[in-house]
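Q: Following this message is one structure expressed as structure tokens.
The values are calculated or read from the model by the stated rules, or taken from the named source; none is laboratory data. Note that the structure is predicted; figures quoted are calculated from it, not measured. Cβ: placed from backbone, ideal geometry, glycine included. Neighbour counts: every protein chain shown.
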Amino acid sequence: MADERKTYLIIRLFILQSLLQKEKSVNNIAHDTGINWRTVDKHLDYLLEQGLVSKFYFAEQLKIYSITELGRHAISRQTLQEVLA
């Protein structure tokens, strides 16, 4: 994926789509999406606050996230823009 700027909505959509497959760490999501891990981490905080992802496993050096039903609904119903606005 090119290093061009992506809107927050697109970044968050990529993250949610990555989590549809299975629970993943920040680094795994970054690798799958081609988005810098710091950016992924920042957007995961927002998605967590919105209830679109949840903490699957948290340790001092490892954070693993999973997508919630609300996150799945946002993708499947193509209402992500409304949910994240």
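Q: Looking at residue 12, is it modelled with pLDDT under 95 and surrounded by 18 or more Cβ atoms within 10 Å (Cβ to Cβ)? Walk me through it before giving the result.
A: Values: modelled with pLDDT under 95: yes; surrounded by 18 or more Cβ atoms within 10 Å (Cβ to Cβ): yes.
When the stated conditions are applied, residue 12 passes them.
Q: In a helix (DSSP H, G or I), at pLDDT 90 or above and of a type outside the set (Gly, Ala, Ser), is that true of residue 20?
A: Values: in a helix (DSSP H, G or I): yes; at pLDDT 90 or above: yes; of a type outside the set (Gly, Ala, Ser): yes.
It is true that residue 20 is in a helix (DSSP H, G or I), at pLDDT 90 or above and of a type outside the set (Gly, Ala, Ser).
Q: Can you tell me which residue in segment 24-40 is farthest from residue 72 (Cα to Cα), limited to those that are surrounded by 15 or more Cβ atoms within 10 Å (Cβ to Cβ) and of a type outside the set (A, V, I, L, M, F, W, C)?
A: 39
Q: Next question, about the same structure. If a residue has to be more than 13 Å from residue 64 (Cα to Cα) and either assigned to a helix (DSSP H, G or I) or not polar (S, T, N, Q) (or both) to count, how many in segment 38-53 make the cut? Show your work before the answer.
A: Restricting attention to segment 38-53, the residues satisfying the condition of being more than 13 Å from residue 64 (Cα to Cα) are 38-39, 42-43, 46-47, 49-52.
After this cut, where a residue has to be either assigned to a helix (DSSP H, G or I) or not polar (S, T, N, Q) (or both) as well, the list is 38-39, 42-43, 46-47, 49, 51-52.
Looking only at that region, the number is 9.
Q: Now a separate question. Considering only residues that are among the hydrophobic types (A, V, I, L, M, F, W, C) and under 16 Å from residue 17 (Cα atoms), which ones fall in segment 38-64?
A: Step one: filter segment 38-64 for residues among the hydrophobic types (A, V, I, L, M, F, W, C), giving 40, 44, 47-48, 52-53, 56, 58-59, 62, 64.
Result: 40, 44, 47, 48, 52, 53, 64.
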